[in-house]
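Undergrad: Dropping a structure here in structure tokens format, bear with me for questions.
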Amino acid sequence: MDSLWLEIHDQVKQIPVIDTHEHLPHHDRFDPADSDILFDYLLHYMSSDLRSAGLSVEELEQARSKHLPLDERWEIVAPYWEFCRCTGYGRALDLAVQGIYGVDGIRKETIVELGTLYKQRRAEGHMRFVLKDLCRIELSILDSWASHEPYDRELFRYAWQPTPFITASQDKLRRLEEQGVTVNSLDDWLQAFSAALEENLRRGVVALKNAMAYERTLYYEKVDYASAKSLFADTLTAWRTALERGSDPILLPKAVQDFLMHYLLKEADARGLVMQVHTGILEGSGNVLANGRPSLLNNLFLDYPNVKFDMFHISYPYCGEAGALGKMFPNVYLDMCWAHIISPAAAAAALSDFLDAVPYNKIMGFGGDYGFVDGVYGHLVLARETISRVLAEKVRLGVFGVDQAVRIAEHLLYKNPKVLFSL
Ligand SMILES: [Zn+2]
């Protein structure tokens, strides 16, 4: 770091953070005996880079197995880990063990010691310690399927995924009927959908979340009510037969899914809700990248001007498209969650572009997007470095001074998400 970067970074480190997106456990209660560093660290991200580098599915399973000795499991991943150590995912984990356990990186010489430290720290309070004391995160927005379960309000708020009503199969019908809901038509389905939305709003969710790019295109056509109603009726008949026979899942046809998304957005538009949308790269080892192109949402931005769309992950690699949409639409926001570890270089380039093109109150600077808290710490170290570096470059170019750079960082990391999610 040069002196200007360092000067800005010193101040950025002091700024509290509102974290727009996490998948963390709801509570800070862990069983130390059951806690395992490689099981957790290979839940996602690093496991995908290791797979990308050549690790097989079977090897990954062995490496995550709590029944084998840790040093043996390390030997399985070690050659691939070296190829991945310099990616954002690899760097975040090394930074995490340095900052949290005072251990210099994850390697043959440190893995057993780290395994022991990891179990010890899982005792009550580790998650709170990392989030509050180490990270200075005031609140995180949890993306959870279990929004009915109680959660620690001092750490979290919720986003609700309405996906099970939209990319639904007969399983959703079965579960609704078990709860005493009668479904004989599209109208019944819509009623159940609205009731679920109301219930979640009563519970205090601060955003809706659309993660459907994992399963389908983000292009939602306008479908008329009569077509949707008739298609739904056909599907309902097929669902009942499938439930009787125990056959494979049958999804609602795309046209009905599209109709339901427009229905939801009408409801959201009337209430001025925020919808977080997964755009761009898909986690895992293979999927349809172009399903997450942000411009596929263009018609929704036009049709629902009161819905605030928080576009996730800088839409990597469609960052330019995301920037243009954020610039064009008052209701489109750009969210850097996950971005600083997907590629620190891409995050820096995108942020530099966003700051030149988009009003800075539209940019959310950080969301950890991890299922285990140590990752959040490593990610935030990288995020603060990247944000400071980009701001220092702007100062060097004479765009603004150091004081303004720090004010912008405060907006990205704290004020913007606080305003967007009314926290
Ligand atoms: Zn996520």
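Undergrad: Going through the range 8-36 one residue at a time, which ones are within 16 Å of the ligand (Cβ to nearest atom) and acidic (Asp, Glu)?
TA: Asp19, Glu22
Undergrad: I've got another one for you. Mind checking which helices (runs of 4 or more DSSP H) fall wholly inside the range 357-423 and carry at least 2 residues that are within 26 Å of Tyr158 (Cβ to Cβ)?
TA: 373-396, 416-420
Undergrad: Right, something else. So which of Asp303, Asp356, Asp369, Asp374 ends up being crowded, with 24+ Cβ neighbours inside 10 Å, on the phi < 0 side of the Ramachandran plot and either outside the structural domain of Leu139 (by TED's automatic domain parsing) or among the acidic types (Asp, Glu) (or both)?
TA: Exactly one of Asp303, Asp356, Asp369, Asp374 is crowded, with 24+ Cβ neighbours inside 10 Å, on the phi < 0 side of the Ramachandran plot and either outside the structural domain of Leu139 (by TED's automatic domain parsing) or among the acidic types (Asp, Glu) (or both), namely Asp374.
Undergrad: Could you give me the residue pairs with C-beta distances under 9 Å whose first residue belongs to the range 205-232 and is away from the ligand (no atom under 16 Å from the Cβ), whose second residue is assigned to a loop (DSSP other than H, G, I, E, B) and among the aliphatic types (A, V, I, L, M) wherever it lies, and which are 6+ apart or on separate chains?
TA: Listed by first residue and then by second, the contacts come to Arg216/Leu251; Arg216/Val288; Thr217/Val288; Leu231/Val223; Leu231/Leu252; Phe232/Leu252.
Undergrad: Something else about it: For Glu321, all conditions in the list (1) out of contact with any Pro (no Cβ under 7 Å at 6 or more places or on another chain); (2) away from the ligand (no atom under 16 Å from the Cβ) hold save one; what is the number of the exception?
TA: Tallying (1) out of contact with any Pro (no Cβ under 7 Å at 6 or more places or on another chain); (2) away from the ligand (no atom under 16 Å from the Cβ), Glu321 fails exactly one: (1).
Undergrad: Does Arg91 satisfy the condition of being farther than 20 Å from Asp28 by Cβ, among the basic types (Lys, Arg), out of contact with any strand residue (DSSP E or B) (no Cβ under 8 Å at 6 or more places or on another chain) and in contact (Cβ under 8 Å) with a residue 60 or more places away in the chain?
TA: Yes, satisfied.
Undergrad: Check Gly367, Gly286, Gly272 and return the single one that is within 16 Å of the ligand (Cβ to nearest atom) and of a type in the set (Gly, Ala, Ser).
TA: Result of the check over Gly367, Gly286, Gly272: Gly367.
Undergrad: Just one of (1) within 16 Å of the ligand (Cβ to nearest atom); (2) surrounded by fewer than 21 Cβ atoms within 10 Å (Cβ to Cβ) trips up Val402, so point out which.
TA: It fails just one condition, (1).
Undergrad: Condition first: within 17 Å of the chain's Cα centre (by Cα) and more than 16 Å from the ligand (Cβ to nearest atom). Now tell me which residues in the range 335-345 satisfy that.
TA: Ser343, Pro344
Per-residue answers, yes or no, for (1) of a type in the set (D, E, K, R); (2) closer than 24 Å to Arg121 by Cβ; (3) in contact with a Leu (Cβ under 6 Å, 6 or more places away or on another chain):
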| position | (1), (2), (3) |
| --- | --- |
| Met1 | no, no, no |
| Leu6 | no, no, no |
| Asp10 | yes, no, no |
| Ile15 | no, no, yes |
| His44 | no, yes, no |
| Asp49 | yes, no, no |
| Ser52 | no, no, no |
| Pro69 | no, yes, no |
| Ile76 | no, no, no |
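The values are calculated or read from the model by the stated rules, or taken from the named source; none is laboratory data. Only a predicted model underlies this, so the values are computations on that prediction, with no experimental measurement involved. We place every Cβ from the backbone using ideal geometry, glycine too, and count neighbours over all the protein chains shown.
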